[in-house]
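Right, one structure below, let's go through it.
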Amino acid sequence: MRNLHVRFIALALIVTAVGLVYFKVTKLGLPLFPSEEIEVWSVEARLAFEPKGGPIKVHFSLPGKPPGFIIADENFVSGKYGLAIEKEGENRFAEWAIRRAKGEQVLYYQLQLARDENEQIEEDKEKKKKKGKVEFPEIPEYSEGIATAVNALLEEVRQKSADIKTFTRELLSRINAEKPDENVKLLLSIAKNEQEKVQLIRQILAGARIPSRTIQVLLLREGVRHGELSPWLQVHNEQEWLTFNPDNSESDLPGNSVIWHVGDTAVFNVDGGKKPELEFSISRLTQEPVQLAEQRARKLGSRMMEFSLFSLPIQTQNVYKVLLMVPFGALLIVFLRNVIGLKTFGTFMPILIALAFRETDLIWGIALFTLIVGFGLALRFYLEYLQLLLVPRLAAVLIIVIILMTVVTIFSFKLGFETGLSIALFPMVIMAMTIERMSLVWEEHGPAEALKQGFGSLAVAALAFIVMNNEILKHMVFVFPEILLIILALTLLLGRYTGYRLTELWRFRETFKR
């Protein structure tokens, strides 16, 4: 019954920890493993216009959920203007308003975009969910000359295509050919700019009753100072919207592009103003994944990052980066003692020694520890000859340990070994107790048992140092401290282990053979 109770608690701890880690990784974007800085695009839209002398309302389109990106942060620099964010269909809009304004007016919208493949996956899932019917356009009433050219072009394209995607690709190939035919030349003479060219292509597609729409795309390039939105084409194949570059037959958006606006409505419109000008400045920078997660948490309205270890002062963070690794060493000791059967002096003494190894490195730490304990053990036997009481004897051993550490430090420095300077970080009281415990075992069970436990302690300390100094584990437990719940669960489960230890299997090997 108790085993079932412990297992239930362990399962609850593991499920809680995994759930918290999953939320932080998928929703906040915290990296599960140590990673390099993330590429972040900083975009600034400059909106300038001149007022006409009355109330002013500025309508500006904002990006919604750019596929493959997350909006890490956005800011509005609007001075005395009132600001409201609205949503219309697939678009978001910022609306600035003011009663009176004089002189040239300039508003800014600042945006930070970080690449996130999880967002692309979510976007694909949403597309699949949104599979639905789209209204097919009515065939436009072309003028007599235009109708002949459109019908001839559509007939040629239809013969060399199999579906809506190949139909659109073939049409764009003909429109963008180096030497277009007479029909295409006639149609292109109508379009005076890129926007009108996309509208022309849509009119031609409507002649085949293919649903289409215009999207405004911002291409992300480093160092752009006077960037503009580019009109692109999307057609619907009765399942999803397919994107095409109107200047060639390539489909799909490039990786460094953002869909800013969908539809024929104006991206930037001013009521009560004139001469509107819109331009974009773009720069690329790098950012720590944790900083990006903090921005994302604020945007999602989550306060989880406010109560994380990253909210602590840097000095305190550095302390917890060490302390949070201690449970890993404790779990290792539980496993090595209860399952493997290794013997050590004390329960958690190897962990403290392993912490000291962080400053001395493993090899030097083992050498210095062996040297101090060896000299201390020899002097401890001499104290036994003096027949001192327990407490004075322990105090004498502690003083001897400090003297030995001082001597070793001085001699190592004089010999040019700076590693010996860090021996002062060794836990002196633990070393004194180790010397005392080792001498007692030596007297009661012989030198073989004392040396076995001594080397066992060093071996466990060395393994604990390797585990506790692992960079991946250090990153994971600091970013996701709830992992300690899993360590606690495993410790509880090991606490109910009553089977044979591996060393006992070797001890009773002759019995198992019979």
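The values are calculated or read from the model by the stated rules, or taken from the named source; none is laboratory data. All values reported here derive from a predicted model rather than from experimental measurement. All Cβ positions, glycine included, derive from the backbone under ideal geometry; neighbour counts span all protein chains shown.
Is it the case that some residue within segment 262-269 is farther than 22 Å from R115 by Cβ, among the small types (G, A, S) and surrounded by fewer than 18 Cβ atoms within 10 Å (Cβ to Cβ)?
yes
Looking at F69, F23, F76 in this structure, which one is closer than 30 Å to F480 by Cβ and touching a Leu at 6+ places or on another chain (Cβ under 7 Å)?
Answer to the selection: F69.
Among the residues that make up segment 130-137, is at least one of them out of contact with any Ser or Thr (no Cβ under 6 Å at 6 or more places or on another chain), within 30 Å of L186 (Cβ to Cβ), surrounded by 12 or more Cβ atoms within 10 Å (Cβ to Cβ) and at pLDDT 80 or above?
Checked segment 130-137: at least one residue is out of contact with any Ser or Thr (no Cβ under 6 Å at 6 or more places or on another chain), within 30 Å of L186 (Cβ to Cβ), surrounded by 12 or more Cβ atoms within 10 Å (Cβ to Cβ) and at pLDDT 80 or above.
Tell me the residue from F375, F413, F381 that is surrounded by fewer than 14 Cβ atoms within 10 Å (Cβ to Cβ), more than 14 Å from F345 (Cβ to Cβ), at pLDDT 80 or above and out of contact with any strand residue (DSSP E or B) (no Cβ under 6 Å at 6 or more places or on another chain), please.
Exactly one residue qualifies, and that residue is F381.
Mind listing just one residue for me: the one in segment 332-346 that is crowded, with 19+ Cβ neighbours inside 10 Å and either touching a strand residue (DSSP E or B) at 6+ places or on another chain (Cβ under 9 Å) or not β-branched (V, I, T) (or both) and, of those, modelled with the lowest pLDDT?
F345
Among the numbered criteria (1) touching a Lys or Arg at 6+ places or on another chain (Cβ under 8 Å); (2) polar (S, T, N, Q); (3) closer than 22 Å to V262 by Cβ, which single criterion is violated by Q112?
Of (1) touching a Lys or Arg at 6+ places or on another chain (Cβ under 8 Å); (2) polar (S, T, N, Q); (3) closer than 22 Å to V262 by Cβ, only one is false for Q112: (1).
Of everything in segment 347-372 that's free of Cβ contacts under 8 Å to residues at least 24 places away in the same chain and either within 22 Å of E444 (Cβ to Cβ) or among the aromatic types (F, W, Y) (or both), which residue is surrounded by the fewest Cβ atoms within 10 Å (Cβ to Cβ)?
Per the criteria, the residue is T347.
Looking only at segment 19-41, which residues are surrounded by 15 or more Cβ atoms within 10 Å (Cβ to Cβ) and modelled with pLDDT of 90 or more?
Correct list: empty.
Just to be sure before I move on: is T166 surrounded by fewer than 19 Cβ atoms within 10 Å (Cβ to Cβ), within 45 Å of the chain's Cα centre (by Cα), of a type in the set (V, I, T) and under 18 Å from L242 (Cβ atoms) in the structure I sent?
yes
Looking at segment 465-476, can you tell me whether even one residue there is within 30 Å of G374 (Cβ to Cβ) and either crowded, with 18+ Cβ neighbours inside 10 Å or touching a His at 6+ places or on another chain (Cβ under 9 Å) (or both)?
yes
Does segment 275-285 hold any residues that are of a type outside the set (A, V, I, L, M) and under 12 Å from L47 (Cα atoms), and which are they?
If the condition is that a residue be of a type outside the set (A, V, I, L, M) and under 12 Å from L47 (Cα atoms), then K275, P276, E277, E279, F280, S281 are the ones that fit.
Return the residue satisfying two criteria in turn: it lies in segment 47-58 and is crowded, with 17+ Cβ neighbours inside 10 Å and not aliphatic (A, V, I, L, M), and of such residues it is farthest from P289 (Cα to Cα).
In this case the residue turns out to be P51.
Enumerate the strands (runs of 3 or more DSSP E) found wholly within segment 216-265, keeping only those where 1 or more residues are under 32 Å from the mean Cα position of the chain (by Cα), over 27 Å from R46 (Cα atoms) and modelled with pLDDT under 90.
Counting at least 1 such residues, we get 241-244.
Please verify whether segment 214-222 includes one or more residues that are among the aliphatic types (A, V, I, L, M), touching a residue at least 24 places away in the same chain (Cβ under 8 Å) and more than 26 Å from H59 (Cα to Cα).
no
Consider T148 carefully, then state whether it is modelled with pLDDT of 80 or more, among the β-branched types (V, I, T), surrounded by 11 or more Cβ atoms within 10 Å (Cβ to Cβ) and under 14 Å from Q203 (Cβ atoms).
no
So I210 ticks every box in (1) in a helix (DSSP H, G or I); (2) crowded, with 18+ Cβ neighbours inside 10 Å but one. Which box is left unticked?
Among (1) in a helix (DSSP H, G or I); (2) crowded, with 18+ Cβ neighbours inside 10 Å, the lone unmet condition for I210 is (1).
Any idea which of (1) under 21 Å from T168 (Cβ atoms); (2) free of Cβ contacts under 8 Å to residues at least 12 places away in the same chain; (3) not charged (D, E, K, R) is the one L188 doesn't satisfy?
All conditions are met except number (2).
Tally time: how many residues in segment 447-496 are outside any helix (DSSP H, G or I) and over 22 Å from P350 (Cα atoms)?
The total comes to 4.
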